[in-house]
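We did not get these values from a lab; they are worked out from the coordinates using the rules stated. Because the structure is a prediction, the values reported are computed rather than measured. So basically every Cβ, Gly included, is an ideal-geometry build from the backbone, and we count neighbours across all protein chains shown.
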Ligand code: PMP
């Protein structure tokens, strides 16, 4: 029999989440995660995936995954440091370093465990981390795991960062101090002020860490936010994911060779968790090649992002501070946001509600993620649904 304490905890917790519109229902897809998805037998326009460039369903990636599987098998069989490193892993890391304009790179099984791994491999209880208040959950967890003192600064507030960096340095109580930020903020689509952050880092000798999960493949000719600002040889950690624009799965850090050498001997998911499977690596290598050869997909992504954003603004929606294709429609109230998303779904548009704790309370939103694979007709159809539902619910 289950513990009574556990049952009470679970049942009360779930009821409360449901009452407050915070319980996330999962809708399984019955096919690929492209611009049109199938849910419960019905096709819907998809505005909720991170598959920015449409590569998750690209035939070239699928062929590369099959070829790698045929040569190396379905799984890698071990952690990287035992015998789970194929020459394919090494090639991926070389390609990532080249792509990010750094000396070296290390690949992990996901972006989430990459942040957990890399932050805690370098920072410890004697250190401090200056962290943007809107940083991703995996950064927050990585910081917590390191046991360093976490000092949050106001979102993209350079003066607040400067004051806190000065205070942390002046106290003299810390060994190392790191500043850590998303490159592109995933819930608002705004870009971190990296040149200003780098300037502060140089004054106070801060270690710099940029999580570019949403900037890679999107900004800086595809190489990301750091390249966009011309800082490739200045930022210490260029972290990224292989799960969004690259279209597959995995995470990485690109940086100086000695940093990568250190992560290879000190980051726990590299040492203790089975490495990326061949199919994923083969597909990632193919995707990086496609990005390096042309910016065609990136250009299409931006054109689609601008088209949708202008359409939503014209309808009267609040798209917040978005500067990239990530386009939120900020609704506010959590229950209303969930209802709005549900009505859009009934109208053939899959645009998921994002509510607390993913975003602060009272800032519930629909986060629209147009991709390079959407057609203008699809975007027009989505905008028409936004108009119908917005009018019906008196939101516009
Ligand atoms: N960092 C950021 C900013 C993210 O948005 C995400 C994914 N939502 C991650 C890290 C984690 O990446 P992954 O999904 O590859 O684990």
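Here is how the numbers come out for the structure above:
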| read-out | value |
| --- | --- |
| Packing-based exposure ordering (other Cβ within 10 Å, fewest first) of 178, 123 | 178, 123 |
| Listed residues 205, 377, 299, most fluctuating in the chain (Gaussian network, C-alpha, under 10 Å) | 377 |
| Linear extension gain, residue 295 paired with residue 9, 0.36 nm per residue minus alpha-carbon span | 97.9 nm |
| Between the range 99-132 and the range 55-88, the Cα center-to-center distance that results, in Å | 24 Å |
| Relative contact order (%) - the chain, alpha-carbon pairs under 8 angstrom, separation at least six | 22 percent |
| The range 57-293: antiparallel DSSP beta bridges as a percent of all, rounded to 5 | 40 percent |
| MRE, 222 nm, helices only [DSSP H, n ≥ 4, -39500 (n - 2.57), over the chain, to nearest 500] | -14000 deg cm²/dmol |
| Exposure proxy order (Cβ contacts within 10 Å, fewest to most) of 339, 116 | 339, 116 |
| Separation of the residue 19 and residue 90 label points, Cα + 7 Å toward Cβ, nm | 6.0 nm |
| Overall form of the chain per C-alpha gyration tensor (a/c, 1.5; a/b vs b/c) | rounded |
| Residue with peak Gaussian network fluctuation, the chain [Cα springs, cutoff 10 Å], from 24, 46, 115 | 24 |
| Beta bridge orientation in the range 11-157: antiparallel %, DSSP, nearest 5 | 45 percent |
| For the range 186-217 versus the range 321-396, the gap between their alpha-carbon centres in whole angstrom | 27 Å |
| The range 259-322: C-alpha gyration tensor shape, a/c 1.5 cut-off, then a/b vs b/c | prolate |
| DSSP beta bridge pairing in the chain, given as percent antiparallel to the nearest 5 | 55 percent |
| Within a Gaussian network of the chain (alpha carbon springs, distance under 10 Å), most fluctuating of 196, 98, 25 | 25 |
| Ranked 96, 395, 336, criterion: other C-beta atoms within 10 Å, fewest first | 336, 395, 96 |
| As computed over the range 57-293, the Cα convex hull volume per residue (Å³) | 105 Å³ |
| Where N is the number of residues in the range 39-139, Cα Rg divided by 2.2 N^0.38 Å | 1.42 |
